[in-house]
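First up is the structure itself, then whatever we jot down about it.
The values are calculated or read from the model by the stated rules, or taken from the named source; none is laboratory data. None of these values were measured; they are calculated from a predicted model. Virtual Cβ from ideal backbone geometry, glycine too; neighbours counted across all protein chains shown. The protein model used for the area step is the full one, side chains on, heavy atoms only, and it has no ligands, DNA or RNA in it. Shrake-Rupley method; radii C 1.70, N 1.55, O 1.52, S 1.80 Å.
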Amino acid sequence: MATTKEYRDFILEQLNNLEEINCKPMMGEYLLYYKKLLFGGIYDNRLLVKITKNNIKYNMLEAIPYDGAKPMFLVDDVDNQDVLENIILDTYNGLKK
């Protein structure tokens, strides 16, 4: 099942306070970038972020975005904009070098 444009738009609206968020389509799904760094994606109407030391504290469940992919964290509280933004920032900070 591909992600709907409505769900994509909802997630992007939730992230509108973060500057430099980019969303790129990929085979019916969407890759998400913050400040040009890939931090996660939207897969099957689920927001997933890469696993880092910085975002483990949120106790998110692991999920597989697609067959053969590495596990990622499933962000299930997408309605809480403040928590969502903190998860993205912590993920970004855990990935940047």
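Things to note:
- Full extension of the chain segment joining GLU6 with LEU38 gains 9.4 nm, where the gain is 0.36 nm per residue of separation less the Cα-Cα distance.
- Calculated accessible area for the chain comes out at 61 Å² per residue, all protein chains present (probe 1.4 Å; ligands, DNA, RNA ignored).
- Under 21 Å from the Cα of LYS57 - lysines, other chains or at least 8 residues apart: LYS70, LYS96, LYS97
- Segment ASN54..GLU85, full-extension length gain: 9.8 nm, with 0.36 nm per residue of separation and the alpha-carbon distance subtracted.
- Note: relative contact order over the range 32-97, using C-alpha pairs below 8 Å and six or more positions apart, is 34 percent.
- Apportionment of accessible area to carbon and sulfur, the chain, percent (1.4 Å): 49
- For the pair LYS97 and ILE64, label points projected 7 Å from Cα toward Cβ lie 2.8 nm apart.
- Within straight-line reach of LYS5, meaning a Cα separation under 15 Å, sit the following aspartates and glutamates at least 8 residues removed in sequence or on another chain: GLU13, GLU29, ASP44.
- Anisotropy class of the range 13-68 from Cα gyration tensor, a/c 1.5 cut: oblate
- Over the chain, DSSP H runs of length four or greater, each weighted -39,500 (n - 2.57), average out per residue to a 222 nm ellipticity of -8000 deg cm²/dmol.
- Only one item in (i) 0.96; (ii) 1.19; (iii) 0.92 matches Rg/Rh (Cα atoms, Kirkwood Rh) derived from the coordinates shown, and that item is (iii).
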